[in-house]
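What follows draws every value from the coordinates through simple rules; no lab data is involved. Quick caveat, the model's predicted, so the values are computed rather than measured. Cβ: placed from backbone, ideal geometry, glycine included. Neighbour counts: every protein chain shown.
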Amino acid sequence: MKKIILLPILLLTIFLFVATFIDVKTPSKLPDGKNYIDSNNVFKEERFVYVDEPFLVKGNTKYTFSISRAYVDGAPFEAIIEFYEDTRLINVYSKDDWTMSFDIPTNTYYFTFTTPLKTNYIDLRFVDNGDYVTGDELVDVQLEEGETFTEYEPYFNPNFFESTLFLIIFGSILVIGTVGGWIWYHLTKKSKSKKKR
């Protein structure tokens, strides 16, 4: 009877061990939340905050970039967006603090743009007149789909162990392992009974 549970336990152990080494940082996936800017995908060099790897967006779609006044005030500010079709640069778009809209109640600068038709990735960088440090969470900076700026939400993308894919694989291994263990148990039980004869 132990053989029935031995196989699924062995398979699940192997799967969980391998899954711990899966690199879940993937800019080739749209975020699960509304904010496209992942703090794990940005770094600061001198006065600019850069996106480490271009991230996936939709072509011919309106997006709104919003940023807290804390990053903008103090020196000339500029946000630069590069549009890519895979690895080919299509266009570059930039805005400065003079050409951006400003929301007084939330102290937030923002602007809306439309991605070119064939765009599937964008690269983003902006001047940081605040005190952002690489590795910290980049708060009050957001890129969201649509032409309306909304309240900031942190980037959300569950890790592999929280994903639906993980649950599907885990469940499949459990079922296949249990069925395989049951078959193994009954095959070895029959061979033992033949030996006894």
Query raised in the report: Once a ≥ b ≥ c are taken as the square roots of the eigenvalues of the Cα gyration tensor of the range 68-116, is the result rounded (a/c under 1.5), prolate (a/b larger than b/c) or oblate (a/b not larger than b/c)?
Result: prolate
Requested in this report: List the residues whose amide H sits under 5 Å from the amide H of N35, counting only those 5 or more places along or on another chain, with H placed 1.01 Å from N in the peptide plane.
Outcome: F156
Query raised in the report: So if we plug the beta-carbon distance of E85 and I168 into 1/(1 + (r/R0)^6) with R0 = 41 Å, what FRET efficiency do we get, rounded to 0.05?
Result: 0.80
Query raised in the report: Which cross-chain or sequence-distant (5 or more) residues have an amide H under 5 Å from the amide H of I90, H modelled 1.01 Å from N in plane?
Result: F83, Y84, E85
Report task. Evaluate the distance, in nm, between pseudo-label points positioned 7 Å from the Cα of E137 and of V92 along their respective Cα→Cβ axes. Result -> 3.3
